[in-house]
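The numbers here are math on the coordinates, done by the rules we state, and not lab data. Please read these numbers as outputs of a predicted model, since none were measured by experiment. Using ideal geometry, Cβ is built from the backbone for each residue, glycine included, and neighbour counts are taken over all protein chains shown.
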Amino acid sequence: MKSLLVTGSNGLIGSAMVRHFHDGGWLVHGIDNNMRADFFGAQGDTRWNQQRMIAEFPRFEHHELDIRDREGTAKLVEQISPDAVIHTAAQPSHDLAASRVFDDFDVNAVGTINLLEAMRNDCPEAPLVHLSTNKVYGDAPNRIALREDSTRWDYDDPAFADGIPETFSIDQSKHSLFGASKLAGDIMVQEYGRYFNMPTCCLRGGCLTGPEHSGVELHGFLSYLVKVNLTDNEYTVFGYKGKQVRDNIHSHDVARFAEAFISNPRTAEVYNCGGGRQNSCSILEAFARVEALTGKPMKWRYDDRAREGDHICYISNLAKMRSHYPDWDLTKSLDDIFSEVVEAWAIRMENDPQGATSATKPSCSTA
């Protein structure tokens with residue numbers, strides 16, 4: 001039986017990987033120490049997801065380990081000697097990074113090299129899928145000529161009609177400290193691939209979402225927006241008239257691509273992993289979609305101060321993913337994503353209405 005190691009296994013993407021590969025017959029080991037609760041407080045706690053996986057997946061084993069623990073990571077990789085590794089553990093908020101600089105870098109950059117070196121020493125032939133971020137491009141996407149439509153900003157340069165490709169510059173832009181720490185990890189994953197000939201790839205995610213997302217004030221655009229709506233709280237839009245655009249990909253489709261890569265790995269690849277134009281929406285468009293599903297008006301206010309390094313419009317070009325892995329494509333539409341997230345939050349609120357409400361603050365950030 002093949003074994004998979006997933007870091008950050010309690011989180012949205014990590015747990016999606018656990019489910020997908022467990023359903024495929026793999027023995028799955030998960031690393032997580034619930035650092036998200038430390039970063040975001042009670043509303044970011046993912047123990048519920050950990051307990052759910054332990055109960056539902058008999059071939060899943062949880063390991064309480066901090067990815068920053070170099071010796072512990074090396075010992076666990078040696079013990080498991082996995083056939084493949086998926087690295088999703090991260091500090092995910094570019095707002096929080098500025099106030100917790102060392103924690104951010106130690107998790108995103110140092111944690112990644114701890115894992116890479118452990119793999120090089122024990123299982124260098126095991127494919128590694130690293131969950132990177134589109135923030136590695138910094139705010140350079142804002143230099144693309146834009147046009148303002150009634151509900152969104154969009155590219156006004158035909159070269160970017162299908163979105164941003166992997167050849168887009170990562171240099172000479174403001175990344176946020178989060179973007180910089182993730183870029184350090186991204187580059188190291190590529191370098192271990194090229195220098196040591198290891199099968200690695202970086203998935204530069206757009207908005208990765210799904211029903212298991214514990215959306216919080218500083219991270220988790222769609223999930224948090226839905227939670228704010230259902231709990232009658234107020235959402236704060238920061239800048240760009242609420243017309244800033246994100247492309248959204250369901251965690252299931254991310255897991256399917258990871259499986260495709262592991263089945264036919266390449267060396268030191270990067271992929272812009274998002275929902276593409278077909279799954280893109282602005283904040284204002286997201287409000288309308290949520291209102292249509294819940295029947296509840298969206299309460300929101302506007303602050304004209306945009307977040308540092310925020311993207312005005314970001315759409316992933318999926319051509320490279322589809323070219324390298326033609327059997328892969330998106331299976332979850334934007335309608336599917338919104339419906340599943342709304343349903344998941346409604347169930348959580350029904351099961352624990354006091355917890356869901358208390359976990360929501362009266363204001364939140366944008367995507």
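Before moving on, here are some points about what is shown:
- Rounded to 10°, Cα long-axis angle of helix 221-230 versus longest principal axis of the chain: 50
- Centre separation in Å (Cα based) which lies between region 316-330 and region 146-197: 17
- Under 5 Å between amide hydrogens, built in the peptide plane, is the criterion, and for Gly205 it picks out Ser132, Thr133, Asn134, Cys273 among residues at least 5 positions away or on other chains.
- Environment charge at Arg277 (Cβ cut-off 10 Å; Lys +1, Arg +1, Asp -1, Glu -1): -3
- FRET efficiency for Arg68 and Ser173, using Cβ-Cβ distance with R0 set to 35 Å, rounded to 0.05: 0.80
- Computed as a quarter of the hull surface, the mean projected area of the alpha carbon convex hull for the chain stands at 16.6 nm².
- Cβ-based net charge around Phe160, under 12 Å, with every Lys or Arg adding one and every Asp or Glu removing one: -1
- Stretching Asp157 away from Arg52 to a fully extended chain increases their span by 33.2 nm, per 0.36 nm per residue minus the current alpha-carbon distance.
- For the chain, calculated [θ]222 nm from helices alone, where every DSSP H run of n ≥ 4 adds -39500 (n - 2.57): -12000 deg cm²/dmol
- Listed by chain and number, the aspartates and glutamates whose alpha-carbon sits under 14 Å from that of Lys332, ignoring those within fewer than 8 places in the same chain, are Asp247, Asp253, Glu340.
- For the residue pairs Lys241/Lys296; Lys135/Lys243; Lys182/Lys299; Lys135/Lys241; Lys135/Lys227; Lys75/Lys320, the alpha carbons lie more than 27 Å apart in Lys182/Lys299; Lys75/Lys320.
- Between Lys2 and Glu234, the modelled label-to-label distance comes to 5.1 nm, taking each label 7 Å out from Cα in the direction of the beta carbon.
- Angle between the chain longest axis and helix 111-122 axis [Cα atoms, degrees, rounded to 10]: 30
- For the pair Glu308 and Ala98, the difference between a 0.36 nm per residue extended length and the Cα-Cα distance amounts to 74.6 nm.
- Spin-label zone in region 43-66 - amide nitrogen under 18 Å from a point set 7 Å from the Cα of Asn351 along the C-beta vector: 43-58
- Cα gyration tensor, region 279-346 - rounded (a/c under 1.5), prolate or oblate: oblate
- Loop-exposed GluC sites (Glu not before Pro) per DSSP, neighbour cap 15 Cβ within 10 angstrom, longest uninterrupted part of the chain: 126-307
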